[in-house]
1. Specify the residue that is modelled with the lowest pLDDT; the eligible residues are those in the stretch 613-646 that are β-branched (Val, Ile, Thr) and not in a loop (DSSP other than H, G, I, E, B).
2. Among the residues of the stretch 519-532, write down those that are surrounded by fewer than 20 Cβ atoms within 10 Å (Cβ to Cβ) and not polar (S, T, N, Q).
3. How many residues are in contact with a Pro (Cβ under 6 Å, 6 or more places away or on another chain) and of a type outside the set (Val, Ile, Thr) if we restrict to the stretch 757-785?
4. If Leu352 meets every condition in (1) modelled with pLDDT under 70; (2) crowded, with 16+ Cβ neighbours inside 10 Å apart from one, which number is that one?
5. Of Leu410, Leu393, which residue is at pLDDT below 80 and touching a Phe, Trp or Tyr at 6+ places or on another chain (Cβ under 6 Å)?
6. So which of Leu772, Leu808, Leu725, Leu721 ends up being open to solvent by 30 Å² or more (accessible area, probe 1.4 Å), over 30 Å from Met705 (Cα atoms) and among the aliphatic types (A, V, I, L, M)?
7. Being at pLDDT below 80 and open to solvent by less than 30 Å² (accessible area, probe 1.4 Å) is the requirement here; does Val711 meet it?
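The values are calculated or read from the model by the stated rules, or taken from the named source; none is laboratory data. Everything numeric here is computed off the predicted structure, so don't read it as measured data. Cβ placement follows ideal geometry from the backbone for every residue including glycine, while neighbour counts extend to all protein chains displayed. Protein only, heavy atoms only, side chains kept; ligands, DNA and RNA dropped before computing areas. Shrake-Rupley method; radii C 1.70, N 1.55, O 1.52, S 1.80 Å.
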Amino acid sequence: WWVWRQALASLPSLLRRAWWRGRTGFEPHASAFRTGGPAVEQWIMDFRFAARRLLRRPWYAFLAVGTLALGVGGTAALTGIARAVLLSPLPYTDPEGIGLFWMPLSWSQEEFAFLREGTPGFSELAQFHHQAVTLERAGGPARLIPGVVASHELFSVLGAAPFLGRTFEATDDVSGAAPVAVLSYGLWRDLGGAPEILGSSIVLDGRPHTVIGVMPRGFWFPSPAERVWLPQRLDPADRSGNFTLVGRVAPGNHLGRMDGPIGALTSRLGARFQYPPQWDKTKNPVILSVADTVIAPLRPAITAALVALAMILLIACANVAALMLGQVEGRAVELGVRAAMGADRARLTTQLLAEAILVGAGAGMAGAIVAAASFRLLVHVLPLGAWAETASLDWTLFAVAMAVALVASLAVSLAPVLALWYGRLQGVLASGRSSGIAGRRIRLESALVVAEVAIAVLLAAGAGVLARSVSRLYAIDPGFAARGVGEVDLVLPSDLARAARDRALGDLLAQVRSLPGVVEAGITQQPPVRAASWNSGILVEGKPDLPPTTTMVRVVSPGYLQTMGAELVEGRFLDETDLLPGLPGDSSALGAVVINQSLARKFFEGGSPLGRWVSGGFGPTRLQVVGVVRDVQEGQLADEPAPARYMLSTALPFTPQGQTLVFRVEPGRDLLAALGAVRELVASKAPRVAIAQTTTMEAEIARSMGPVRNVMTLVSIVTGLALFLGAIGVYGVMSHFVLRRQRDWGIQLALGLQPGQIIGRVVGRAARLILLGILTGVGAFGLLGGLLRPFVYGVAPTDPVALAAAPLLLLLVGCVAALVPAARAGRTDPVSVLRDT
């Protein structure tokens, strides 16, 4: 205790003395503190010396700090996103043991009831599907809440405990059970955040639900978008395929070794159910981990962005290394004098490291500002979807920026340190001003330029491939006229009867059509270019041998196809006269249907489908084909056209809860203003109808392109930054080259060499370095271009057009950057140079 007390008591005095000695640089040798003191004092003096040098060279300090901050900031911001999305642990118990079944959103309650009795290899099984619900509160319009409807086993399978209350029990999903709800932490906070909410009621889809539990902060399933979980009333006779199955493997099993249990499972399914070929669940079964299913789609885009920003960081490091080499060259005489007077290389190295650390610290602080500014841009550009909510800006971003900057600055300092250790300091004084340490390390600076250009070629070629892929996607004809079409996704309360739903939708449609500037309007249960779709079996009269098959189904209102600008091939569109004379589901009910060309080719090849009858999928209602329209991209934009039917809602025994209202405005009208008017109309005329989103059809087409458009935008921005930094690097290195050979230029000009020839030599040297970098970059892209395969459409990952355009662009930018120092060399005054020699 006495030793520790003495040490701690003397520590302030020792630190104060070391600081003062390092600050003043003077103290009698007799009173010098020996053990541990000189090192601290030298560090303080070296850091003060480095700070003074940076202050005396503000442009060098600004370029070094700013260049490194650009790379550090982007890398730190993306690291914050990757940490939240990819690296954070899943909020479940033993997530490696949770698997999602193949063919999601196609399992029926009948199949689940059968498998619930016992699933080979699994200890427990649950079913779920997404379902947005309306939340009604007194004094305000209905609010749409993303939710999940699931069997009572869901939280048990996930191993998730509630923050308040309880989760589902076995009695919550039986027929006749009282409606209950489990809230997310965020929704609970929005509703007041009081523990007393347990046992109270909230109105969801027009029905009161008792709140039984609140999940903890950070819990999500199956994505962060969901905010409420409701029990699904199990109906073993329901054959509608709307659910996804999730299960927890039994003890002793592993998701990667489930071939035996899956084989037994498919055998049970094949013995119990008969599947049409395209929906055969006994074919190609696979169990995917929950992490691979919900997070894996984000990995390619985030990885591509991280690689691109890491390349920017490498270019920034190369630039700063070249700048520091130039500084070492400028200090060549000073370093030679100090070496001649007894300074050792270790002390000179420490001073260079101190300068690099100060640059890194400055770049870290500036990079944190860049990261904060670019964070939201990255969140917006990357295709994160609901995961954007998990990415947050916190103090760790500053810590990451500082760590990356310091590591990068120390790595950068290796170049001048190597030049210092392997240069001949004693020969500097004899060589005078025309030579120096860095003058003997031209290859190192040249290598840095080659590396910068190679990385820039990689980015530029990648951006070119993605841009060509996006242009191919935009060239796809979706089969409708997207310009001027707005979409409003509506969700009707579940307690509304069929007639009330139809009446509410009809009234809204009539009022939207009466708005100024609206040309036409219609309603569908799902607009085009959205991935999900309704599929139903089809029977064609006159073809009894037709194997069981399904087609896409679109439930529309009269005027919908005209609103979308669909092209009529033959026949007519649906109209108000196509009402069913009988009740929906009655075998005597007749109606009309419009089909697309793909369906006509598949089932009516060799003759006109007009007047033919089809049925199936939604009861025995017979529908007569009254028209054929050109194929519309009902799935994803890049999908092959699939057979599709367009029928009126009166052909169904129900009206879907979710509907999309589409309308077209006159040319020249402000579509966004019209969307705002429709929102106000819905809020005032139908306050119980919730709006999920409002968008334009052109925005939907852009979204349907997938991550390629977002990644292209990001890579294009990064490529522009790489070209800018690469130009700075070429300019800096060629400036050093011109400065080193200033005496040579003066002598050559005095001997009669023309200034244009000197400019040509300088630009030629830059062009040779750039061409070497281009060859290196093109070779690297040939090896790494396959990483872009998940994002490209219609072009090869190593597209020759992109590979040709990127080098030409780099060569042009590099030569322009080299012209400035080349022109300076051509203006060298021979008299001044010879006088100073």
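1. Among them, the one singled out is Val614.
2. Within the stretch 519-532, Val519, Glu520, Arg530, Ala531, Ala532 meet the criteria.
3. Total meeting the criteria: 1.
4. (1)
5. On inspection, the qualifying residue turns out to be Leu393.
6. Residue meeting the stated conditions: Leu772.
7. When the stated conditions are applied, Val711 passes them.
For every residue, the table says whether it meets (1) of a type in the set (A, V, I, L, M, F, W, C); (2) free of Cβ contacts under 8 Å to residues at least 24 places away in the same chain.
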residue	(1), (2)
Ala638	yes, no
Gly668	no, yes
Lys685	no, no
Glu700	no, no
Ser704	no, no
